[in-house]
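Student: Pasting a structure here, questions to come.
The values are calculated or read from the model by the stated rules, or taken from the named source; none is laboratory data. Since this is a predicted model, take the numbers as computed values, not measurements. With ideal geometry, Cβ positions are generated from the backbone for all residues, glycine too; neighbour counts draw on all protein chains shown.
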Amino acid sequence: MNYKKEQKKLVSELEENFNSGNIRTTIVDMKADYSNVNESCLSLVFFVNDFVREKIFSDLIIPLKEIESGFYYYFPESMHVTIKNVRATHNPPLYNKEDVEKVRNKFRDIVKKFKSFEFKVEDVILFPTSVSIMAYSDKILGDLVMELDNGLREIGVPDNKKYLSDSIFWGNLTFCRFTHKPNEEFIKKVRELREYKVGKIKVDKISLIECNGACHPSSKKIVEEFKLI
């Protein structure tokens with residue numbers, strides 16, 4: 001199986017579902033204010049480097065912000081690729097301190113067995129309440145995610161999000177969240193950027209974090225960082 005080809009196929013399917021109003025995955029609700037720190041999620045993420053941040057800001061955020069300045073655009077230090085959700089955003093949080101410690105210990109045991117890998121960052125996708133760029137990888141990502149998933153079930157803190165597939169996974173880097181329904185000019189611009197490519201980035205450190213739905217800096221708390229061998 002060509003893992004990257006399957007990832008791209010599922011992303012296209014997801015995009016078609018969104019365009020037709022058939023939402024089969026968990027999405028973050030639209031809000032007027034994404035600085036709210038009363039809500040929280042627990043997630044394993046990869047924070048991208050300065051090169052990726054600068055590319056996304058100059059090539060994606062700036063042209064979109066010229067059309068819709070009122071949307072929430074991610075701070076550079078918040079830009080990340082989600083590796084594994086644990087608990088989706090909610091107020092109050094759907095986890096407690098004991099859950100965090102169980103997840104921390106389980107992830108520590110699992111991640112140390114995996115080697116570093118690469119993400120290929122490309123394809124800008126219009127979600128119902130946000131805009132993201134995809135991060136594709138080879139099967140090592142799938143193996144990692146499935147082992148993390150099994151680990152969460154073992155400790156009684158299973159992932160509570162819905163996904164398009166339970167065997168093919170890819171990364172998702174959200175950089176814009178809507179505060180209201182986007183206008184046609186904005187939608188057209190996002191679609192023009194559909195094939196945009198950032199390039200390859202090495203994943204050698206991932207972070208278990210707590211944050212709100214937009215990873216606002218005031219809400220971000222790094223629980224632990226894990227290095228990949």
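Student: Collect the residues in the stretch 78-102 that are of a type in the set (S, T, N, Q) and either free of Cβ contacts under 8 Å to residues at least 60 places away in the same chain or loosely packed, with under 15 Cβ neighbours inside 10 Å (or both), keeping them in residue-number order. Talk me through it step by step, then tell me what you get.
Tutor: Going through the stretch 78-102, the residues of a type in the set (S, T, N, Q) turn out to be 78, 82, 85, 89, 91, 96.
Asn91, Asn96 - these are the residues of the stretch 78-102 that are of a type in the set (S, T, N, Q) and either free of Cβ contacts under 8 Å to residues at least 60 places away in the same chain or loosely packed, with under 15 Cβ neighbours inside 10 Å (or both).
Student: Something else about it: Which is in contact with a strand residue (DSSP E or B) (Cβ under 7 Å, 6 or more places away or on another chain), under 19 Å from Val86 (Cβ atoms), at pLDDT 95 or above and crowded, with 18+ Cβ neighbours inside 10 Å, of Cys176, Cys211?
Tutor: Within the list Cys176, Cys211, the selection yields Cys211.
Student: Return the total of residues in the stretch 117-136 being over 28 Å from Asp29 (Cβ atoms) and crowded, with 19+ Cβ neighbours inside 10 Å.
Tutor: Going through the stretch 117-136 one residue at a time, the tally reaches 1.
Student: I need the full set of residues from the stretch 55-77 which are outside any loop (DSSP other than H, G, I, E, B) and either in contact with a helix residue (DSSP H, G or I) (Cβ under 8 Å, 6 or more places away or on another chain) or surrounded by 13 or more Cβ atoms within 10 Å (Cβ to Cβ) (or both), in order please.
Tutor: Step one: list which residues in the stretch 55-77 are outside any loop (DSSP other than H, G, I, E, B), which gives 55-65, 72-73, 76-77.
Of everything in the stretch 55-77, those that are outside any loop (DSSP other than H, G, I, E, B) and either in contact with a helix residue (DSSP H, G or I) (Cβ under 8 Å, 6 or more places away or on another chain) or surrounded by 13 or more Cβ atoms within 10 Å (Cβ to Cβ) (or both) turn out to be Lys55, Ile56, Phe57, Asp59, Leu60, Ile61, Pro63, Leu64, Lys65, Tyr72, Tyr73, Pro76.
Student: Can we say Glu16 is without any contact (Cβ under 8 Å) to a residue 40 or more places away in the chain, part of a helix (DSSP H, G or I) and not aromatic (Phe, Trp, Tyr)?
Tutor: Details: without any contact (Cβ under 8 Å) to a residue 40 or more places away in the chain: yes; part of a helix (DSSP H, G or I): yes; not aromatic (Phe, Trp, Tyr): yes.
The answer is yes for Glu16.
Student: Got a sec? Which of Ser167, Ser130, Ser137 is hydroxyl-bearing (Ser, Thr, Tyr), closer than 22 Å to Leu42 by Cα and in contact with a strand residue (DSSP E or B) (Cβ under 6 Å, 6 or more places away or on another chain)?
Tutor: Ser130
Student: Please go through the stretch 155-175 and give me each residue that is within 19 Å of Asn17 (Cα to Cα), assigned to a loop (DSSP other than H, G, I, E, B) and β-branched (Val, Ile, Thr), ordered by number.
Tutor: Ile168
Conditions tested, residue by residue: (1) among the hydroxyl-bearing types (Ser, Thr, Tyr); (2) closer than 19 Å to Pro217 by Cα; (3) modelled with pLDDT under 95.
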residue	(1), (2), (3)
Glu39	no, yes, yes
Ile56	no, yes, no
Glu66	no, no, no
Val100	no, no, no
Arg108	no, no, no
Val124	no, no, no
Thr129	yes, no, yes
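Student: More than 16 Å from the chain's Cα centre (by Cα) and closer than 22 Å to Gly213 by Cα: does that describe Val103? It would help to see each step written out before you state the result.
Tutor: Numbers: more than 16 Å from the chain's Cα centre (by Cα): yes; closer than 22 Å to Gly213 by Cα: yes.
Considered against the rule, which asks whether it is more than 16 Å from the chain's Cα centre (by Cα) and closer than 22 Å to Gly213 by Cα, Val103 comes out as yes.
Student: Something else: Taking the condition of being closer than 20 Å to Ile56 by Cα, among the aromatic types (Phe, Trp, Tyr) and part of a strand (DSSP E or B), how many residues in the stretch 114-146 meet it?
Tutor: 2
Student: Something else about it: Give the number of residues within the stretch 33-51 that are closer than 20 Å to Glu118 by Cα and either touching a His at 6+ places or on another chain (Cβ under 6 Å) or not acidic (Asp, Glu) (or both).
Tutor: 8
Student: Output yes when any residue across the stretch 149-159 is farther than 18 Å from Val28 by Cβ and modelled with pLDDT under 95, and no when none is. Don't jump to the end; show me each part of the working.
Tutor: The first filter runs over the stretch 149-159 and keeps only residues farther than 18 Å from Val28 by Cβ, leaving 149-158.
Imposing the further condition that a residue be modelled with pLDDT under 95 reduces the set to none.
No; the residues of the stretch 149-159 include none that is farther than 18 Å from Val28 by Cβ and modelled with pLDDT under 95.
Student: Further question on the same structure: Take the residues of the stretch 9-33 that are under 16 Å from the mean Cα position of the chain (by Cα) and modelled with pLDDT of 90 or more: which is farthest from Cys215 (Cα to Cα)?
Tutor: Across the stretch 9-33, the extreme among qualifying residues is Leu10.
Student: Could I ask something else about it? Among Ile155, Ile187, which is the only one that is farther than 29 Å from Glu224 by Cβ and either surrounded by 20 or more Cβ atoms within 10 Å (Cβ to Cβ) or in contact (Cβ under 8 Å) with a residue 12 or more places away in the chain (or both)?
Tutor: Ile187
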